[in-house]
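All remarks here apply to the structure that follows.
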Amino acid sequence: MVSDRSKVDVSNVEPTVCWVVALKSEAKPIISYFELDHQSGNNIFPIYRNDKLGHSLIISGVGQINAAAATTYLASESDAPPWAAWINLGIAGSMDGEIGKLYQGIKVINPTKEKVFFPGYRFSKIVSLAEIQTLDYPAPVKKNGVLHDMEASGFIDFATRFSCNELVFSFKVVSDNSEQDMKLIDKRMVNSLIGNRLQQLDALLDKIITLSKLEKQRLQIPDEVEEVFKQFHFSVTRRNQLIQKLRKWKIQFPNRSISHLVKEAKTAADVIRNIDDALTDLKFDWT
Amino acid sequence: MIDTIFIERGVVNHSRTQSIKSKFKNPTIIEVDRYQEIFNKRSQNFRIQKQNPALILAKKHDNFVLPAPSGFGLASTRNFYFSHMYNCIYDCRYCFLQGMYSSANYVIFVNFEDFFDEIEQSIQANGAKDLTFFSGYDCDSLAFENITGFAESILPLFKSYPKVDLEFRTKSVQLEPLKSGLPIANCIVAFSLMPEELAKRLDKKAPSIKRRINAIEKLAARGWPIGLRFDPLIYSKDWKQLYKGLLMEIMHRVPREAIHSISHGPLRYPKKMYQDITKLYPEELLFSLPMSENNSYVDYGVDVENEMAEFLIKNLKNYVEEEKIFQCVVQA
């Protein structure tokens, strides 16, 4: 164990980090590090979870289509919130990269489909940044500073539908280069390449979870809203109005409930009007 | 500090690209085909990007000069604007850029000469008088000057058209090349201002009002025409007292002869933009305060807007001629 994971805030039981990994040998160090449990009853894509730490991991198999399908499957199975961070971790080929070095892909190209992505908040102080080309078959890299993989593009294309672009990451460890042939790669080597980067991944995760929490703070619907929804019938428009107004209310009165305004109401429209009136009476006091 | 520069393949070898690149220490360089690949894409998160914006160096191909939006101009018959840069290094909470782009990365168009050519064509096409060109609509005109050198490059052009005005709009206290150069009568340095107490809350990452007034004082002493921009006017319980304090400070420090113009405008957003910005910063006090929806705009309401405008004009009348005071209101 590299560091004490108990320091992570476990108050949030929803998955905040969703891992998409192609091979079991790539996933093993993460499964072990985060003490993820295999979820039974699923034969399509194996899923591992630790709800206390808020991590879910899916093994996608090799290739873009598998990565895209597994990402979608995990989003649905884990009910991932829109503030979840999505991470694609795996090995990649390079021409000039040092074997075992971890990179963050900040430009990901799919040359076949002519797609290009620029995923993730960049962590240049912790990890080197690189361009990744996602190919449909293993091929040696012929350009300096570029990595070859087989999943990143498919993963990003779909993960950005479940979270914002800045919370979607692709991290790759160099497994082969111009001096070390890809034929030498075996399960033990892959396991060790990823395992050796756990400390660096841990540092990245601390930052990623901070961003995810910030996004949660921004997007989370106040608990009180659900209570009000139970009492009156709200149309979709009014639901959104209530959420918006309650957020404003919470800025002005972080410790005050709206229960007195709800009590006076007979309809959903009354609730919104009452909150609106109370907010309109406010003075612009910046002090 | 910029850690990554995305560069359009077409301008990789441009001398200005090389010069800008050299201002940063070991940035990661990534080539792109077109800046639109990375800038302002769906699902990008402005707020998270703003924590660490990347720089994008690109070439602009058309629309170098555009008519200024209604409410942006001053006394000239025709007002134009141009943007050699998208986005700003400051993070002012009311800024419309955060509602306009989903990306907080900075785009710099390195082909300044194409801007200059089109500006010159517009000048000639419009009789070379009664025109004002605004820099700093999609960015701060001077804040990135030590990286781009844009102001330094454009000043000679306007020097040769004395009846055409150029306005740099800024919050920056980065005063070069103005401080060491000779003033140009038709080049106005316009500073955005609000009471310090409000700026502390809202003008994040921008120089304090005290530093801005110091900068104004220095440029005025050098002979540069000064613009004062109270736009947006921010309402508060004690706004009269706060704005009076600010005006007194300015009147005490900046000689009236240095003032080219004063403009003011209310806090006002198109509805969609207001919704986008409040979604981005739902915890922001500015957006929790009561605003009214009129036509397709969200604002303080006409009574508050008029009261603030009248107060400002009344308090400035003894400082400058009324003809130098302009109200900038985006028309619905």
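Please treat every number below as a calculation from the coordinates, not as lab data. From a predicted model like this one, the values you see are computed outputs, not experimental measurements. Cβ sites come from the backbone with ideal geometry, for glycine too, and all protein chains shown count toward neighbours.
Before moving on, here are some points about what is shown:
- Inter-chain Cβ neighbour average for residues A:157-166, partner chain, 10 Å: 4
- A:Lys101 long-range amide H proximity, modeled H, under 5 Å: A:Val174
- Across all Cα pairs in the protein assembly as shown, the calculated P(r) in 20 Å bins from zero up to the longest distance comes to 18, 44, 32, 7, 0 percent per bin.
- Beta bridge orientation in chain A: antiparallel %, DSSP, nearest 5: 35
- Only DSSP H runs of four or more residues enter the estimate; each adds -39500 (n - 2.57), and after division by the residues of the protein assembly as shown the mean residue ellipticity at 222 nm equals -10000 deg cm²/dmol.
- Unpaired Cys in the protein assembly as shown, meaning no second Cys C-beta under 4.7 Å: A:Cys18, A:Cys164, B:Cys88, B:Cys139, B:Cys187, B:Cys328.
- Taking amide H as placed 1.01 Å from N in the peptide plane, the amide H of B:Lys237 sits under 5 Å from that of A:Phe284, A:Asp285, A:Trp286, each at least 5 places away or on another chain.
- Fraction of antiparallel bridges per DSSP, the protein assembly as shown only, in percent to nearest 5: 30
- Averaged over B:277-289, number of beta-carbon atoms from partner chains that fall within 10 Å: 5
- Put a dot 7 Å past the Cα of B:Lys159, heading toward its Cβ, do the same for A:Asn43, and the two dots end up 8.1 nm apart.
- Estimated vicinal HN-Hα couplings, Hz - segment A:98-111 in sequence order (Karplus 6.51, -1.76, 1.60; Gly, Pro = x): 6, 4, x, 7, 8, 10, 9, x, 9, 9, 10, 10, 10, x
- Restriction of the GluC sites (Glu not before Pro) in segment A:148-243 to DSSP coil positions whose beta-carbon has at most 14 other beta-carbons within 10 angstrom yields A:Glu179.
- Qualifying GluC sites (Glu not before Pro) for segment B:281-332 [loop in DSSP, other Cβ within 10 Å: at most 16]: B:Glu283, B:Glu321
- Among the trypsin sites (Lys or Arg not before Pro) in segment B:26-64, those placed in a DSSP loop whose Cβ has at most 11 other Cβ atoms within 10 Å are B:Arg42.
- Long-range HN-HN contacts of B:Asp231 with modeled amide H, under 5 Å: B:Leu193, B:Gly265
- Within 10 Å of each Cβ in B:228-240, the average number of Cβ atoms from other chains: 2
- In order along segment B:8-19, phi translates into HN-Hα couplings of 4, 3, x, 10, 4, 9, 4, 4, 6, 4, 4, 5 Hz, rounded to whole numbers, per the Karplus curve 6.51 cos²θ - 1.76 cosθ + 1.60 with θ = phi - 60° and x for Gly and Pro.
- Beta bridge orientation in chain B: antiparallel %, DSSP, nearest 5: 25
- Cα-based values for segment A:5-219, radius of gyration first and Dmax second, are 15.9, 48 Å.
- Put simply, segment A:223-280 fits an ellipsoid with semi-axes of 16, 12, 11 Å; these come from the alpha carbon gyration tensor as the roots of five times its eigenvalues, largest first.
- Ellipsoid equivalent to segment B:4-327 - semi-axes via the Cα gyration tensor, in Å: 30, 26, 18
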